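Please read the structure below before turning to the comments.
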Amino acid sequence: SATGYAVREENLINPIRVKPGDAIVIVESSGSHANGLTLAREIASKLPQGYMTVLPSGRTYGDVLLDPTHLYSPLIGDIVRSFDFPSYAVNITGHGWRKLMRATQPLAYVIDTLPSELEIFKFIQEHGPVAEREMYANYNMGAGFAIYCHPDDVKPIIELATKRGLTAFRAGTIFESDKKRVVIEPKGIIFEADELAVR
């Protein structure tokens, strides 16, 4: 886990900074993190070998589920100390890729490049079974964290992530819109604002 505090309110990464033209940088996840474990347990209960079921990589289902979650706060600290605050930063958690539209502004978050496919998500989708759209609505699908920034800041952010042993890439762009939405172009998936409903 990670806990932090801001000495001054102006140091908070506020979503009011998000604007059309910002780039979306995705930092890849290490697995399912802490999301969707209720379904993961249900799947294990239906498998003849349970958590000992061997995945294509040769690792067991249970072992892969226990992969440690990446913590992204050190990277954000590096970014802030190196050049400037990003427009926004958001973790991709239990609301999946819908979390990309956390900011209140009516903007479109258009994704054109996806992270590496992780076998744990393929396995859950197959054995759930779970529709692909629902997987992106609830799981991180390989995207653990998103950083919104000026396009000129993409390269240095990726370089800082690499130094931390993380994989990052430019995944898309933020556009003006009449309402909030996330568009995952490679999958033909669109999430509208009313589907977020963050509690």
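Before moving on, here are some points about what is shown:
- Distant-in-sequence amide contacts of GLY172, defined by a placed amide H-H separation under 5 Å and a gap of 5 or more residues or a different chain, comprise ILE24, ASP112.
- Here's the picture: a label point sits 7 Å out from the Cα of ALA34 along the beta-carbon direction, and within segment 133-148 the residues with their amide nitrogen under 19 Å of it are 138-146.
- For segment 55-199, the relative contact order works out to 35 percent when only alpha carbon pairs closer than 8 Å and six or more residues apart are counted.
- Computed in the context of the full set of protein chains, the accessible area of segment 130-199 at 1.4 Å probe radius has 49% of its extent on carbon or sulfur.
- For the chain, the solvent-accessible area works out to 51 Å² per residue, with a probe of 1.4 Å and every protein chain left in place.
- Qualifying lysines (Cα of each under 23 Å from Cα of LYS179; at least 8 residues distant if same chain): LYS19, LYS99, LYS187
- Helix 154-163 and the longest principal axis of the Cα set of the chain meet at an angle near 50°.
- If R0 is taken as 22 Å, the Cβ-Cβ distance between THR3 and GLU192 corresponds to a FRET efficiency of 0.10.
- With contacts taken as Cα pairs under 8 Å and at least 6 residues apart, segment 1-128 reaches a relative contact order of 37 percent.
- Amide H contacts of TYR88 (H built 1.01 Å from N, under 5 Å, at least 5 apart or other chain): TYR148
- Heavy atoms of THR162 accessible to a 1.4 Å probe, total area in Å² rounded to 10: 90 Å²
- Calculated on alpha-carbon atoms, Rg and Dmax of segment 155-199 in Å: 14.6, 38
- Tensor-based shape of segment 98-181 (alpha-carbon gyration tensor, a/c under 1.5 rounded, otherwise prolate or oblate): oblate
- Largest to smallest in accessible area, the residues LYS46, LYS163, LYS180, LYS187 fall in the order LYS163, LYS46, LYS187, LYS180 (1.4 Å probe, all protein chains included).
- For the chain, the gyration tensor built on C-alpha atoms gives a prolate shape. Its axis ratio a/c (a ≥ b ≥ c) is at least 1.5, and a/b is the larger of a/b and b/c.
The values are calculated or read from the model by the stated rules, or taken from the named source; none is laboratory data. No experiment lies behind these values; they were computed from the predicted model shown. Because the Cβ atoms are built from the backbone with ideal geometry, glycine has one as well, and the counts that use them run over all protein chains shown. SASA here: full protein model, heavy atoms, side chains in, ligands and nucleic acids out. Shrake-Rupley method; radii C 1.70, N 1.55, O 1.52, S 1.80 Å.
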